1. Can you check how the C-alpha radius of gyration of segment 11-62 compares to 2.2 N^0.38 Å, as a plain ratio?
2. Residues with amide H under 5 Å of Leu18's amide H, sequence separation 5 or more or different chain, H placed in the peptide plane at 1.01 Å from N; which?
3. Ordering Leu64, Leu18 from largest to smallest accessible area (1.4 angstrom probe), what's the sequence?
4. Select from segment 2-66 those chymotrypsin sites (Phe, Trp or Tyr not before Pro) which occupy a DSSP coil region and have at most 15 other Cβ atoms within 10 Å, ordered by residue number.
5. How far is it, in nm, from the label point at Thr2 to the one at Asp23 when both lie 7 Å from their Cα along the line to the Cβ?
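The values are calculated or read from the model by the stated rules, or taken from the named source; none is laboratory data. Bear in mind that the values here come from a model prediction, so they are computed numbers and not experimental data. Note that each Cβ is placed from the backbone with ideal geometry, even for glycine, and that neighbours are counted across all protein chains shown. In case anyone asks, the SASA skips ligands and DNA or RNA and just uses the protein heavy atoms, side chains included. Shrake-Rupley method; radii C 1.70, N 1.55, O 1.52, S 1.80 Å.
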Amino acid sequence: MTVIDLVARTDDTEPIELEPLYDAIDPDLLDSLPDADGFTELEFSYEGYAVTVADADDGVEVTLESAAISADGSTSEFVDTGSSI
């Protein structure tokens, strides 16, 4: 739910309006990451974001990255690192 909640907050939308997470990745895999030996980082695409799930001292940290194109055609990066599992 952390990934869904973070994307919904970032997009200012309701979680039920997002595509099902299982279309991008197996949610059971995400739930098992904190207990996986040797886990350091996993990246996947969801709702136009590159989602990174990384090992952190206090659990797992979830970040989003998205390339936004401005009116002049340049790109900028948006990063939100506000959630930990």
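1. Normalised Cα radius of gyration, segment 11-62: 1.23.
2. Residues meeting the amide H criterion: none.
3. Leu18, Leu64
4. Hits after loop and neighbour filter: Phe39.
5. So the label points at Thr2 and Asp23 sit 2.4 nm apart.
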